[in-house]
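The values are calculated or read from the model by the stated rules, or taken from the named source; none is laboratory data. Just so we're clear, the structure is a prediction, and the values are computed from it rather than from any experiment. Using ideal geometry, Cβ is built from the backbone for each residue, glycine included, and neighbour counts are taken over all protein chains shown.
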Amino acid sequence: MKPAGFDNLSAEDAAAILELSLILDIAFVKPIGASERKFYIETKQGIKRLLRITPIKGYKWVKDDDRVYEYMASAGINVPRQVSEGFFAGGEFVYQLWTWIDGEDLYTALPRMSHAEQFAAGIKSGEAARKIHSLPPIYEPEPWEICYRRKVEDKIQAYNNSHTKSQSVDLLVRYLQDNMELLANRPTTFTKGDWNTRNLMITPDNKIWLIDIGDSSGDPWSEFWEISGDADEMPQYYTGLIKGYFEGEPPVEYFPLFVFYMASETLSWGYDSENVLNWFDDMRNPVPTWYLKDYNG
């Protein structure tokens, strides 16, 4: 049976929160995690925190996360910070308290914004990405051209060996095969990974905060391949993202590489290849149809 006052939790979570409430003075709790055990809590003193619960076998993984967040925070990037941690349930689990970001993810917020506000949010997101890419990788990576070329060649081989073929995917494959030289001499920096609007928060003072960060490295220009299908509905934001990143119009070398990474990851994840082809006029124009060259808010 669940302890009284924890009806919004599973029995397992309720037991954990009951034990932790004695340590952390928890007055209110709301589950917010989908793939992880994460909770919004308020203490009896009215302090808001993010609570994360992890089995002890995942402790090294969460400590690696701590290192990444501290690395980014030291460069002045808006990310959550760990406040405290400890063990409970006889040492079987570790809890971590993190600072709470009062705001909402851009995926939710953007549709309610005006075009000018969307563009401004894109500019700030691009500025944050530029700051991230000023950081060297935490670990020494394999040369980018070598590792990514191998990745693309493996994808192409897997597609050629499959029984499912389509004219649209054939065009993506041909573009990749014809443009491998674009990978030559690309730099490798720290990257956020998983750069999408669900992992970017905007606060009431219109600051952009980054969440769900992995320890990644690679060509910084590969970061924005996760631009989603809503670029057609919100071109102001995605245009602002690119212009904010480059502090104006991108160099001519950018969009051909942008298409390359979009084609490669579409091949990997099974995204809508027709959508990609529509953006790039069947791979004949590297500038996507939604990009607003002359728009400045």
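Based on what the data block shows, is residue 145 modelled with pLDDT of 90 or more and either assigned to a loop (DSSP other than H, G, I, E, B) or not basic (Lys, Arg) (or both)?
Yes; evaluated as a whole, the condition is true for this residue.
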Discussion item. Out of 255, 246, I need the residue that is in contact (Cβ under 8 Å) with a residue 40 or more places away in the chain and either hydrophobic (A, V, I, L, M, F, W, C) or surrounded by fewer than 16 Cβ atoms within 10 Å (Cβ to Cβ) (or both). Which one?
Written reply: 246
Fill in: One residue from 197, 191 being in the same structural domain as residue 135 (by TED's automatic domain parsing), in contact with a Leu (Cβ under 6 Å, 6 or more places away or on another chain), of a type outside the set (A, V, I, L, M) and surrounded by 15 or more Cβ atoms within 10 Å (Cβ to Cβ)
197
Discussion item. Any residue at all in the range 131-139 that's surrounded by fewer than 12 Cβ atoms within 10 Å (Cβ to Cβ) and assigned to a helix (DSSP H, G or I)?
Written reply: no
Discussion item. Checking the condition basic (Lys, Arg) and either touching a Ser or Thr at 6+ places or on another chain (Cβ under 6 Å) or within 23 Å of residue 203 (Cα to Cα) (or both), which residue from 52, 37, 67 passes?
Written reply: 52
Worksheet entry | the range 103-130, residues that are surrounded by fewer than 15 Cβ atoms within 10 Å (Cβ to Cβ), without any contact (Cβ under 8 Å) to a residue 60 or more places away in the chain and charged (D, E, K, R) | 112
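Evaluate the following for residue 168: is it over 23 Å from residue 68 (Cα atoms), touching a residue at least 40 places away in the same chain (Cβ under 8 Å) and over 20 Å from the mean Cα position of the chain (by Cα)?
yes
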Practice prompt. Working only within the range 212-240, note down all residues that are buried (at least 19 other Cβ atoms within 10 Å of the Cβ) and farther than 25 Å from residue 294 by Cα.
Written response: 213, 216, 217, 218, 219
Worksheet item: How many of the residues in the range 51-102 are within 26 Å of residue 217 (Cβ to Cβ), charged (D, E, K, R) and either in contact (Cβ under 8 Å) with a residue 40 or more places away in the chain or not assigned by TED's automatic domain parsing to the domain that holds residue 26 (or both)?
Response: 4
